[in-house]
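Here is the structure we will look at.
Throughout, read-outs are computed from the coordinates displayed, never taken from laboratory work. Values in this document were obtained by computation on a predicted structure and should not be read as measured data. Because the Cβ atoms are built from the backbone with ideal geometry, glycine has one as well, and the counts that use them run over all protein chains shown.
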Amino acid sequence: MKVRELTYFIESMAPVESALGYDNPGLLIGSPDDEVKKVLVTLDVTSEVVDEAVEKGCDFILSHHPVIWAGIKKLTPEYPTADPVVKAIRAGIDVYAAHTNVDAMAGNMSWELLKDLGCDSAEPLFDNGFGAVGDVKEIKYRDLAAKVAKILDENVRTIGNLDETVKRVATVSGAAGDTEDVKQALSKSADVYITAELKHHVAVAAKSAGFKIIEVSHYASEFSFVKIFERLLDGVIETACAKSQKNPYNKEIL
């Protein structure tokens, strides 16, 4: 399969035109005319992930976060963000990012979390397709938070009365902790909002207003990207999931 054929398939579900203006999705390393036989799917492209791609015989890396974001001025060892770029080029591995265009895709990571929470039907939280909102079986807020923690395999932080019951859940994967994000969740009659990177002043306001928020890590909120694309690429091309990708934060609580 040619790279152009694979990227056409990806973009048929997540057009790069739907990405936010600041983003850098698409083919970042390689050529549309390159041949691709095996894909490694990952959230981030690190040096370890490129090494894993080489070990597994993958000639294409599909990541959520772009390995080239802001301008890279030097491709030298003292720049850690340049190392995976250099490694991929030397190994002849094409690298493609599907970032906010996937965040706007039906069946995105926000939808995946709601589905895992038992929601049968969801709708986008925002008009641009970002986020998701839907109903789960009525549950105590404390138990919902515990369920989120189990699904994401990490500790979560909560705001609001844990002993109250909730039903309508809104969520946005990644960083969506601004005032406007919370207002949008409220406008959709959400009982609880799940996201990452909540701003402190937003947390204070939510606490005062009695609104419930579950804050998770950016990494955990988007990790289902790997599962989603492993499923979407099944039968299209041989695919492997990166095992070397890690949450940059230590899991141990001190």
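Among P66, P124, P32, whose mean-square fluctuation peaks in a Gaussian network model of the chain (Cα, cutoff 10 Å)?
The residue that fluctuates most here is P32.
Report for the chain the percent antiparallel among DSSP-assigned beta bridges with both residues inside it, nearest 5.
The antiparallel fraction comes to roughly 40 percent.
State whether region 3-103 is rounded, prolate or oblate according to the following rule on the C-alpha gyration tensor (a ≥ b ≥ c being the square roots of its eigenvalues): a/c under 1.5 gives rounded; otherwise a/b larger than b/c gives prolate, and the remaining case gives oblate.
oblate
Could you calculate the FRET efficiency of R4 with E138 from 1/(1 + (r/R0)^6), where r is the beta carbon distance between them and R0 is 51 Å, rounded to 0.05?
Taking R0 as 51 Å, the efficiency between R4 and E138 is 0.55.
With a 10 Å cut-off between alpha carbons and a GNM built on the chain, which of V192, V236, V172 moves the most?
V236
Is the C-alpha gyration tensor of region 109-219 telling us rounded, prolate or oblate? Criteria: a/c under 1.5 is rounded; beyond that, a/b larger than b/c is prolate, otherwise oblate.
rounded
Using θ = phi - 60° and the Karplus relation 6.51 cos²θ - 1.76 cosθ + 1.60, list the HN-Hα couplings for region 110-122 in order, rounded to whole Hz, with x at every Gly or Pro.
5, 5, 4, 5, 4, 4, 5, 7, x, 7, 8, 9, 10
With a cap of 15 neighbouring Cβ atoms within 10 Å, and only residues DSSP puts in a loop, list the GluC sites (Glu not before Pro) found in region 173-254.
E252
Under the rule that an exposed site lies in a DSSP loop and has at most 10 other Cβ atoms within 10 Å, name the longest stretch of the chain with no trypsin sites (Lys or Arg not before Pro) of that kind, not counting the sites themselves.
Between the exposed loop sites, the longest stretch runs 75-250.
Taking the Cα centre of the chain as the origin and placing charges on Cβ (Lys, Arg +1; Asp, Glu -1), which of T158, A220, I93 is farthest toward the positive end of the dipole?
The Cα lying farthest towards the positive end belongs to T158.
Let a ≥ b ≥ c be the square roots of the eigenvalues of the Cα gyration tensor of region 186-254; is it rounded (a/c under 1.5), or, if not, prolate (a/b larger than b/c) or oblate?
Note, shape of region 186-254 comes out oblate.
So which residue, out of D181, D234, D59, gets the largest mean-square fluctuation from a GNM of the chain using Cα contacts under 10 Å as springs?
D234
Given 10 °C and 1.306 mPa s, compute D for the chain with the Stokes-Einstein relation, Rh being the Kirkwood radius over Cα pairs; round to the nearest whole µm²/s.
83
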